[in-house]
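Engineer: Input: one structure, supplied below.
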Amino acid sequence: MKKVNIIIFFCILAMLTSLYLIYVHYSITSSFCDISNAVSCDIVNKSPYSELFGIPVSFLSFLMFSFILLISVYIKQDREFSGFNRKELINIIFYLMVFSLLFALYLVYIELFVLYSTCILCVLLDIIIIIIFIMVIKLRKTD
């Protein structure tokens, strides 16, 4: 259960971070993490790469972490969700994290080699993805 609680905690943190990034995406004022050209949430979060099919990546992040939070609550309670049992739900989170990790690597590449600017809150989300990925790997081994 401890691993699931860690996943739940980091999902909530990721959701709050994503909500702030959504706000920054649409805001006309600077964010607190707009430190310089090299470290700027504004440059990254308002670039053309911050949207996928016109939808802010931060909004997609919020939806994904909300879904993982929901699934994690069902895993914690050892209940089925939409016909999926505990093991299948853990696998869903695993595959979402694999995709998220690959997409995060792409976005890190964009930050470093295209935009030449890093978003601190985006890095926080990348770290959260890694933590949840590690926790779900450990869950898969114990189930």
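Engineer: Identify, from the list Ser31, Ser66, the residue that is in a loop (DSSP other than H, G, I, E, B), out of contact with any Ser or Thr (no Cβ under 8 Å at 6 or more places or on another chain) and polar (S, T, N, Q).
Structural biologist: When all the criteria are applied, what remains is Ser31.
Engineer: Look at region 1-27 and say how many of its residues are within 28 Å of Phe113 (Cβ to Cβ) and of a type in the set (Val, Ile, Thr).
Structural biologist: The number of residues fulfilling the criteria is 3.
Engineer: Also: When you scan region 94-111, do you find a residue that is of a type outside the set (Gly, Ala, Ser) and more than 21 Å from Ala14 (Cβ to Cβ), even just one?
Structural biologist: Taking every residue of region 94-111 in turn, none turns out to be of a type outside the set (Gly, Ala, Ser) and more than 21 Å from Ala14 (Cβ to Cβ).
Engineer: Quick one: how many residues across region 43-70 are buried (at least 20 other Cβ atoms within 10 Å of the Cβ) and more than 15 Å from the chain's Cα centre (by Cα)?
Structural biologist: 1
Engineer: Also, I was wondering about something else. When you check Phe113 against the structure, is it surrounded by 14 or more Cβ atoms within 10 Å (Cβ to Cβ) and farther than 20 Å from Val24 by Cβ, yes or no?
Structural biologist: Considered against the rule, which asks whether it is surrounded by 14 or more Cβ atoms within 10 Å (Cβ to Cβ) and farther than 20 Å from Val24 by Cβ, Phe113 comes out as no.
Engineer: Check Leu89, Leu124, Leu101 and return the single one that is assigned to a helix (DSSP H, G or I) and either touching a strand residue (DSSP E or B) at 6+ places or on another chain (Cβ under 8 Å) or surrounded by fewer than 12 Cβ atoms within 10 Å (Cβ to Cβ) (or both).
Structural biologist: Leu89
Engineer: Something else about it: Condition test on Ile110, is it of a type in the set (Val, Ile, Thr), touching a residue at least 24 places away in the same chain (Cβ under 8 Å) and part of a helix (DSSP H, G or I)?
Structural biologist: So Ile110 fits the description; yes.
Engineer: Conditions first: (1) touching a Cys at 6+ places or on another chain (Cβ under 8 Å); (2) over 18 Å from Ile127 (Cα atoms). Asn45 passes all but one, so which condition is the exception?
Structural biologist: Condition not satisfied by Asn45: (2).
Rule-based calculations on the coordinates, nothing more; no lab input. Just so it is clear, the model here is predicted, and its values are computed rather than measured. Reconstructed Cβ throughout: ideal geometry from the backbone, glycine too, with neighbour counts over all protein chains shown.
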